[in-house]
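Novice: Quick one: the structure is below, and I'll ask about it shortly.
The values are calculated or read from the model by the stated rules, or taken from the named source; none is laboratory data. All figures in this text were calculated on a predicted structure; none of them were measured in a lab. Note that we place each Cβ from the backbone using ideal geometry, even for glycine, and neighbour counts take in every protein chain shown. Quick note on the areas: whole protein, heavy atoms, side chains included, nothing else; ligands and nucleic acids left out. Shrake-Rupley method; radii C 1.70, N 1.55, O 1.52, S 1.80 Å.
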Amino acid sequence: MPELPEVETIVKTMGVSLLNEQIKAINLRYQPLLETGSEYPIDVLVGESFVDFKRRGKYVWFELTNGYNWIIHLRMEGKFHLYDSQQRPNTHTHLTFNTANHYVHYLDTRKFSRMVVTKHPEQFFESKRLGYEPWDEKLTSEYLKKKYSTIGRPIKLVLLDQAIFVGVGNIYADEILHDIRVHPLTPAKMISTIKLSQLILSARRILENAIQAGGTTIRSYTSGLNVHGRFQIQLAAYGQGGKPCPRCGTTMDRIVIGGRSSVFCPKCQKVKR
């Protein structure tokens with residue numbers, strides 16, 4: 001699944017290509033792609049121009065003229081392809097639009113992604129109960145300690161909860177926990193304030209590095225914009241099961257937590273019960 005760095009890469013790349021360009025035509029080929037609660041149908045965007053490209057959590061957020069906001073959650077496999085000339089849609093192309101200079105296809109092999117068109121983006125995001133961005137000054141160790149104080153679930157699963165703070169998924173959760181030497185099965189409520197401070201700093205640094213590297217290309221996911229993430233060459237934990245820990249050389253273990261693969265070092269990351 002694309003995580004915060006991948007979404008940030010998509011937003012920046014789309015911005016370079018489409019800023020100030022007007023949508024000439026748009027075709028929604030798979031109707032369930034548009035959420036039933038969308039404030040407007042997709043075709044209201046015809047004639048509007050892109051004025052800003054944003055990200056909120058893992059949502060792609062395009063601002064257009066006349067107050068329209070086009071918000072997309074890519075889910076597992078959603079991706080944009082940009083072309084300089086008209087291309088034939090394939091089986092997985094669920095939406096197409098074109099400007100004067102570009103032809104854009106939106107593809108999703110699993111059909112899980114969703115989008116809305118609204119003039120009230122803040123209300124939309126409030127309805128999704130999103131937590132703080134990783135770089136929000138309100139994201140502090142005290143805030144996390146209060147949120148985690150009654151949570152007995154493994155910290156690995158709690159890090160994936162976008163209602164506490166946004167942007168961390170399976171890949172970066174493994175990386176963060178390895179970096180701060182916390183076992184993924186450790187109950188969230190047992191993590192000290194000092195460790196939570198380290199967690200915040202680690203999340204910011206790792207996500208910033210991944211953004212600078214263009215995100216992480218794992219298995220079937222790439223940005224679809226001729227941008228292939230290079231952060232996978234820096235991964236210390238995710239996907240490294242059976243390999244030596246880059247810190248101590250101990251063989252990394254892989255377990256499944258809540259249906260998610262989790263890799264950790266049994267020496268560096270001791271579990272607390």
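Novice: Sort 164-171, 206-213, 255-262 for me by packing, meaning the mean count of neighbouring Cβ atoms within 10 Å per residue, highest on top. Let's see the in-between values first.
Specialist: Numbers: 164-171: 22.4, 206-213: 18.1, 255-262: 13.5.
Descending mean neighbour count gives 164-171, 206-213, 255-262.
Novice: Summing Lys, Arg as +1 and Asp, Glu as -1, what charge do residues with Cβ under 11 Å from the Cβ of HIS102 carry, HIS102 excluded? Intermediate results must be reported in sequence, preceding the final value.
Specialist: Values: positive: LYS24; negative: GLU21, ASP84.
The answer is -1.
Novice: Okay, next question. Ordered by residue, what ³J(HN,Hα) values in Hz, to whole numbers, does segment 6-17 give under the Karplus form 6.51 cos²θ - 1.76 cosθ + 1.60, where θ = phi - 60° and Gly and Pro are x?
Specialist: Couplings: 5, 5, 4, 5, 4, 4, 5, 5, 5, x, 4, 7 Hz.
Novice: Looking only at ARG88, ARG56, ARG110, which one moves most when the chain is put into a Gaussian network model with springs between Cα atoms under 10 Å?
Specialist: Among ARG88, ARG56, ARG110, the largest GNM mean-square fluctuation belongs to ARG88.
Novice: Using θ = phi - 60° and the Karplus relation 6.51 cos²θ - 1.76 cosθ + 1.60, list the HN-Hα couplings for segment 123-140 in order, rounded to whole Hz, with x at every Gly or Pro.
Specialist: Result, rounded to whole Hz: 5, 4, 5, 4, 5, 8, 6, 7, x, 6, 5, x, 9, 5, 5, 7, 7, 10.
Novice: List the GluC sites (Glu not before Pro) within segment 116-204 that DSSP assigns to loop and that have no more than 12 neighbouring Cβ atoms inside 10 Å. Please list the in-between numbers first.
Specialist: Numbers: sites: GLU122, GLU126, GLU137, GLU142, GLU175; in loops: GLU137.
Within segment 116-204, the qualifying GluC sites (Glu not before Pro) (loop, at most 12 other Cβ atoms within 10 Å) are GLU137.
Novice: Using amide H atoms built in the peptide plane, which far-off residues or other-chain residues are under 5 Å from VAL51 H to H?
Specialist: Amide H to amide H, under 5 Å and 5 or more residues apart or across chains, VAL51 pairs with ASN20, GLU63, LEU64, THR65.
Novice: Excluding GLY47 itself, calculate the net charge of residues whose Cβ lies under 13 Å from the Cβ of GLY47, where each Lys or Arg counts +1 and each Asp or Glu counts -1. Can you show the working numbers first?
Specialist: On the way: positive: LYS24; negative: GLU21, ASP43, GLU48.
Residues close to GLY47 contribute a combined charge of -2.
Novice: Give the cross-link partners of LYS58 among the lysines, using a straight C-alpha distance below 26 Å as the criterion and excluding same-chain residues fewer than 8 apart.
Specialist: LYS12, LYS79, LYS111, LYS119, LYS128, LYS138, LYS145, LYS146, LYS147, LYS156, LYS189, LYS195
Novice: Additional query: What is the magnitude of the charge dipole of the chain about its Cα centre, with +1 placed on the Cβ of each Lys and Arg, -1 on the Cβ of each Asp and Glu, and no other charges, expressed in debye to the nearest 20?
Specialist: Using Cβ point charges on Lys, Arg, Asp and Glu, the chain gives about 1460 debye.
Novice: In the set [x] 7, 28, 32, 20, 11, 2; [y] 6, 21, 29, 17, 9, 6, 4, 4, 3, 1, 0, 0; [z] 7, 31, 38, 19, 4, 1, which value of P(r) over Cα pairs in 10 Å bins from 0, in percent was calculated from the structure you see?
Specialist: Looking at P(r) over Cα pairs in 10 Å bins from 0, in percent for this model, the match is [x].
Novice: How high is the relative contact order of segment 117-219? Use alpha-carbon pairs under 8 Å, at least six apart in sequence, and give a whole percent. Show your work: numbers first, answer last.
Specialist: Values: 109 pairs, mean separation 31.8, N = 103.
Taking the mean separation of contacting Cα pairs over the length of segment 117-219, I get 31 percent.
Novice: Search the structure for amide H atoms under 5 Å from the amide H of THR251, placed 1.01 Å from N in the peptide plane, and list their residues when 5 or more places away or on another chain.
Specialist: CYS245
Novice: While we're on this one: Of ALA173, GLY242, PRO5, which is farthest along the charge dipole of the chain in the positive direction, counting Lys and Arg as +1 and Asp and Glu as -1 at C-beta?
Specialist: Looking along the dipole axis, the top candidate is GLY242.
Novice: Could you run the Karplus curve 6.51 cos²θ - 1.76 cosθ + 1.60 with θ = phi - 60° over segment 69-84 and give me ³J(HN,Hα) per residue in whole Hz, x for Gly and Pro?
Specialist: Going residue by residue, I get 10, 10, 10, 10, 9, 6, 6, 7, 9, x, 7, 9, 10, 9, 10, 8 Hz, with x marking Gly and Pro.
Novice: Quick one: among TYR106, TYR143, TYR40, which has the greatest mean-square fluctuation in a GNM of the chain with alpha-carbon springs under 10 angstrom?
Specialist: So, out of TYR106, TYR143, TYR40, the one fluctuating most is TYR143.
Novice: May I ask you to give the solvent-accessible area per residue for segment 66-202, in square angstrom, as obtained with a 1.4 angstrom probe? Could you put the intermediate results ahead of the total?
Specialist: Details: 6080 Å² over 137 residues.
Here the residues of segment 66-202 average 44 Å² of exposed surface.
Novice: Under the rule of -39500 (n - 2.57) per DSSP H run of 4 or more residues, summed and divided by the residues of the chain, what mean residue ellipticity at 222 nm is obtained, to the nearest 500 deg cm²/dmol?
Specialist: Working: 6 runs with 66 residues, N = 273.
After summing the helix terms and dividing by the residues of the chain, the value is -7500 deg cm²/dmol.
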